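Have a look at the structure below, then the notes.
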Amino acid sequence: MHLIEHLSGDSLIHRLDPRLRIGLALTFAVLLAVSRRPPVLILGLGLALAAVLAARLGWRVILVRLGELNLFMVLILVLLPFSSPGEALFRLGPLSFTREGLYFGLAIAAKGNAIVIMLTVLLSTIEATTLGHALSHLRVPAKLIHLYFFTVRYVDLLHHEYVRLTRAMKARCFKPGLNRHTYRSLGYLVAVLLVRSLDRSERIMAAMKCRGFQGRLYLLDHFALARRDVVFGLLAAAVLAWLGWLEWS
């Protein structure tokens, strides 16, 4: 099982320089996060959907990624209007369902969906190792890059370790429930997983030191901006600047 999914393809988005995609993704996310005007939020959501078409990603992938997010957004749309002051659309006992709360909830939902879609298009189309390589070129601290690479390398391995432990528990007729035995067994499961993870990390560090590791990962390849990267970057920067002008003009 691959826990870090890479959305492969051969579209224009996939061929762009990873550094450019990271910069555009972060700029778009920050701009949408601080935006308040409905036209900007609608245009941002439209740009995110247009990016899906440009990347030629399947809509099923996007809908799966939005599923858990929108479960949370439904709770916001239900609860926020009852807790925000403003003009009441209807009353439920002593509580008022306000127009301002509804608009605020819709704005949050639009922001969340647009940002997740755009991050999926721009970042999930980059291979995990290439993403770390690009972050290093963008001067992200080396320790964070190391943590990212080790997480990518070993999170799937630790997941398999967890699956083996839970399978062993089921083979011994373990059935979870709301009782002390279940809590104690799950505590043992977490403890064993942590102990095995620590033991594995020590073996990995010893193996790396044997191979001459001195706290630095050397980059053998380097990125180069192509003409399409420059043209796309200028167009994207102009669109983001226009959105910013609509927001703060």
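The values are calculated or read from the model by the stated rules, or taken from the named source; none is laboratory data. All figures in this text were calculated on a predicted structure; none of them were measured in a lab. Using ideal geometry, Cβ is built from the backbone for each residue, glycine included, and neighbour counts are taken over all protein chains shown. The protein model used for the area step is the full one, side chains on, heavy atoms only, and it has no ligands, DNA or RNA in it. Shrake-Rupley method; radii C 1.70, N 1.55, O 1.52, S 1.80 Å.
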Does segment 161-181 contain any residue that is among the hydroxyl-bearing types (Ser, Thr, Tyr) and either farther than 30 Å from residue 70 by Cβ or free of Cβ contacts under 8 Å to residues at least 40 places away in the same chain (or both)?
yes
With respect to residue 228, is the statement that it is basic (Lys, Arg), modelled with pLDDT of 85 or more and farther than 30 Å from residue 24 by Cα true?
no
Counting only residues that are within 19 Å of residue 153 (Cβ to Cβ), of a type in the set (Ser, Thr, Tyr) and open to solvent by 50 Å² or more (accessible area, probe 1.4 Å), how many does segment 177-226 have?
2
Which numbered condition trips up residue 27, out of (1) open to solvent by 30 Å² or more (accessible area, probe 1.4 Å); (2) among the hydroxyl-bearing types (Ser, Thr, Tyr); (3) farther than 30 Å from residue 154 by Cβ; (4) modelled with pLDDT under 90?
(4)
Kindly provide the set of residues from segment 131-156 that are open to solvent by less than 60 Å² (accessible area, probe 1.4 Å) and without any contact (Cβ under 8 Å) to a residue 24 or more places away in the chain, ordered by number.
132, 140, 148
Based on what the data block shows, is residue 61 farther than 25 Å from residue 240 by Cβ and of a type in the set (Val, Ile, Thr)?
no
Starting from residues that are over 20 Å from residue 124 (Cβ atoms) and among the polar types (S, T, N, Q), keep the ones in segment 57-111 and report whichever is most open to solvent (accessible area, probe 1.4 Å).
83
Of (1) surrounded by 13 or more Cβ atoms within 10 Å (Cβ to Cβ); (2) free of Cβ contacts under 8 Å to residues at least 60 places away in the same chain, residue 41 fails just (2)
Which condition number does residue 128 fail, the rest of (1) farther than 25 Å from residue 11 by Cα; (2) in contact with a helix residue (DSSP H, G or I) (Cβ under 9 Å, 6 or more places away or on another chain); (3) open to solvent by less than 40 Å² (accessible area, probe 1.4 Å) being met?
(1)
Given the options 97, 90, name the one that is over 23 Å from residue 13 (Cα atoms), in contact with a Pro (Cβ under 7 Å, 6 or more places away or on another chain) and among the aromatic types (Phe, Trp, Tyr).
97
Answer yes if at least one residue in segment 195-214 is touching a helix residue (DSSP H, G or I) at 6+ places or on another chain (Cβ under 6 Å), in a helix (DSSP H, G or I) and of a type in the set (A, V, I, L, M), and no otherwise.
no
Quick check: is even one residue across segment 11-34 in a helix (DSSP H, G or I), free of Cβ contacts under 8 Å to residues at least 40 places away in the same chain and within 14 Å of residue 116 (Cα to Cα)?
yes
